[in-house]
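Following: one structure in structure tokens, then a few remarks.
The values are calculated or read from the model by the stated rules, or taken from the named source; none is laboratory data. If you're wondering where the values come from, they're calculated on a predicted model, not measured in any experiment. When we count neighbours, we look across all protein chains shown, and the Cβ atoms used for this are built from the backbone with ideal geometry, even at glycine.
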Amino acid sequence: MEQAVVYNIQRMSTKDGPGLRTTVFLKGCPLRCQWCSNPESQSFTPELMVFENLCSGCGHCMEVCPEKAVVKVGDVYNRDMEKCTHCGACVPDCPTKARVMSGESMDVDRVMTEIRKDALFYANSDGGVTIGGGEPTCGGTFLLELLAQCRAEGYDTCLDTCGFCPPEFFGRVVALTDRMLFDCKHMQTEEHKRLTGQDNTLILANLKTALASSARVSIRVPLIPDRNDSEENIRAMADFLKEYAVSEVDVMPYHAFGRNKYAALRREYPDIPSYSAEHLNSILKRFSDCGLKAVIA
């Protein structure tokens, strides 16, 4: 049976589609968005995260690390990134949960066992199952099998995607998906590549496929100061969506909630300012001026 690395299964979610949902987050993404708030979702392999603010300084991690990768920094313990193999041996011995593994290999049966726990809530709330990431289409055959099994058991299926994958595969995914949350980041090809590491050629082709399908598609716009909130980009987005009778988008203003995750992965946090209320309102007006209703997601 196919497997994938899953870094979270969130039950009783109300933010990833209608009703109460179980959201399965697959690890791995081909994009490197400058503003990513979930850096632990980017790598395709399990990773050790160390939250220094939770460390009690007991030193158990240093005793059990097979690679001698644990180092003391002041009163707390972190790791030498060149020596750490992300084996997770130090995790069970951490009494304060300062050390956690992000990502675990799971097969479809195991994921379905978690999904079935809330089946009653899906039925009573018009909810269902959402597959996100990372980028869930990187799950390949695992994703197809998981969606097919959810369909077979009568669960509403939703894909939270950036749309970056081969069009042939995306067509197979669409056929198994009741609805989509589709990210729309930037309309200009080279600027999209500068901001995310990939151009948007495949993304726009797959967005057209999604919008022309029977799936219910919600457009989500991660709104980032001075990156994609210009009138030019918003107007280009509105003109593109107008061809498919889309007049409303879900806007997700930039926030700094992922700062502690970057520190836990020993990665530099992106220097992006948050919106003031006044600034955000002025940007939202650009959407309405272009004929798009912007709803804060």
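The residues of the stretch 10-36 that are assigned to a strand (DSSP E or B), out of contact with any Pro (no Cβ under 9 Å at 6 or more places or on another chain) and within 13 Å of Ile131 (Cα to Cα), listed by number, are Gln10, Arg11, Ser13, Arg21, Thr22, Thr23. The set of residues from the stretch 79-98 being touching a helix residue (DSSP H, G or I) at 6+ places or on another chain (Cβ under 6 Å) and either under 17 Å from Thr45 (Cα atoms) or polar (S, T, N, Q) (or both) comprises Ala89, Thr96. Taken over the stretch 256-297, the residue count meeting the criterion of being within 29 Å of Phe240 (Cβ to Cβ) and in a helix (DSSP H, G or I) is 13. Can you tell me which residue is nearest to Cys33 (Cα to Cα) among those in the stretch 98-157 that are part of a loop (DSSP other than H, G, I, E, B) and without any contact (Cβ under 8 Å) to a residue 60 or more places away in the chain? Filtering the stretch 98-157 for residues that are part of a loop (DSSP other than H, G, I, E, B) and without any contact (Cβ under 8 Å) to a residue 60 or more places away in the chain, the one nearest to Cys33 (Cα to Cα) comes out as Ala98.
The residue that is nearest to the chain's Cα centre (by Cα), counting only those in the stretch 55-102 that are farther than 14 Å from Arg266 by Cβ and acidic (Asp, Glu), is Asp93. In a residue-by-residue description of the stretch 227-240, the property of being surrounded by fewer than 18 Cβ atoms within 10 Å (Cβ to Cβ) and among the β-branched types (Val, Ile, Thr) applies to no position. Taking the conditions exactly as written (over 17 Å from the mean Cα position of the chain (by Cα), loosely packed, with under 12 Cβ neighbours inside 10 Å and at pLDDT below 95), does Ser274 satisfy them or not? Yes, satisfied. Within the stretch 175-211, if we keep just the residues that are crowded, with 18+ Cβ neighbours inside 10 Å and of a type in the set (Val, Ile, Thr), the residue that is farthest from Met252 (Cα to Cα) turns out to be Thr177. Inspect the stretch 51-61 for any residue being assigned to a helix (DSSP H, G or I), out of contact with any Leu (no Cβ under 8 Å at 6 or more places or on another chain), in contact (Cβ under 8 Å) with a residue 60 or more places away in the chain and over 30 Å from Cys165 (Cα atoms) and give the result as yes or no. Yes, because at least one residue in the stretch 51-61 is assigned to a helix (DSSP H, G or I), out of contact with any Leu (no Cβ under 8 Å at 6 or more places or on another chain), in contact (Cβ under 8 Å) with a residue 60 or more places away in the chain and over 30 Å from Cys165 (Cα atoms).
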